[in-house]
Amino acid sequence: MWSTFFGGETAFPLNITTGYGIDVNHKNNNVYIAGYTTSTDMPVVGGGFSYPGASASGFVARFSQIGWLMWSSYIGGDVGN
């Protein structure tokens, strides 16, 4: 069992990161989250897309069964999504 915070620190005028979905792959116990963020510096790892320049963008992330961030990415374009 584990818990973590996920998101970035920088945004203008407000930093909002909201999760809208969570799922567990029961074959490997990886945890997937999805949501949206106004953060411009959310952690992007594993070949994910960097900040697209929008006022708000979607994100997806995958954590291992022990809580390590395996990959994460912004999703969307350069306008609010």
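The values are calculated or read from the model by the stated rules, or taken from the named source; none is laboratory data. Just so you know, these numbers come straight off a predicted model, no measurement behind them. Glycine gets a Cβ as well: all are built from the backbone with ideal geometry, and neighbour counts include every protein chain shown. To get the accessible areas, we keep the full protein, side chains included, count just its heavy atoms, and leave off ligands, DNA and RNA. Shrake-Rupley method; radii C 1.70, N 1.55, O 1.52, S 1.80 Å.
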Worksheet item: What are the pairs, 6+ residues apart or on separate chains, where a residue within segment 17-35 that is in contact (Cβ under 8 Å) with a residue 60 or more places away in the chain has its Cβ under 7 Å from a residue that is among the aliphatic types (A, V, I, L, M)?
Response: none
Worksheet, complete the sentence: Per the filter on segment 41-69, residues within 16 Å of Ile22 (Cα to Cα) and outside any loop (DSSP other than H, G, I, E, B) are Gly58, Phe59, Val60, Ala61, Arg62, Phe63, Leu69
Item to complete: List the number of the failed condition for Ser72; all other conditions in (1) open to solvent by less than 70 Å² (accessible area, probe 1.4 Å); (2) not in a strand (DSSP E or B) hold.
Response: (2)
Worksheet item: Taking segment 21-50 as the search range and keeping residues that are aromatic (Phe, Trp, Tyr) and under 22 Å from Trp68 (Cβ atoms), which one is least open to solvent (accessible area, probe 1.4 Å)?
Response: Tyr32
